[in-house]
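Every read-out reported here was derived from the displayed coordinates using simple, explicitly stated rules and does not represent laboratory data. Since the structure is predicted, the reported quantities are computational estimates derived from the model, not experimental observations. When we count neighbours, we look across all protein chains shown, and the Cβ atoms used for this are built from the backbone with ideal geometry, even at glycine.
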Amino acid sequence: MTEANHPMEDQARALVDDLRFCEFLDACHALRRGWPHSRYSARRWLEEQCGIESLGHLATDLEAAAAFDEISRRFAAWDRNGELEV
């Protein structure tokens, strides 16, 4: 039996699996080398922005959880506003 993920970790995994999140990163946080973001680079970017080594740390690090919440809100606003940079 495997251990269940924390809901915030599941939310973060769903976010980085969303191709729209990769589009958001391409529009607002483009990679220096000019390549589009992938799910892998999106996960690495999110972990870096939250100051964690893996998404599982969102369950125990309050600062990382707050950073993730802010990023989630910025993405939702960008998505809702028709891709205008926020």
Legend entry - Span per principal axis, largest first, for the Cα atoms of the chain (Å): 40, 26, 23
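How high is the FRET efficiency between residue 73 and residue 27 when r is their beta carbon distance and R₀ equals 22 Å, given to the nearest 0.05?
Efficiency at R0 = 22 Å is approximately 0.85.
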Inset, instruction - Determine, from the Cβ-Cβ distance of residue 19 and residue 53 and an R0 of 30 Å, the FRET efficiency 1/(1 + (r/R0)^6), rounded to the nearest 0.05. - result: 0.75
Inset, instruction - Take the Cα radius of gyration of region 42-83 and divide it by 2.2 N^0.38 Å, with N its residue count; two decimals is plenty. - result: 1.21
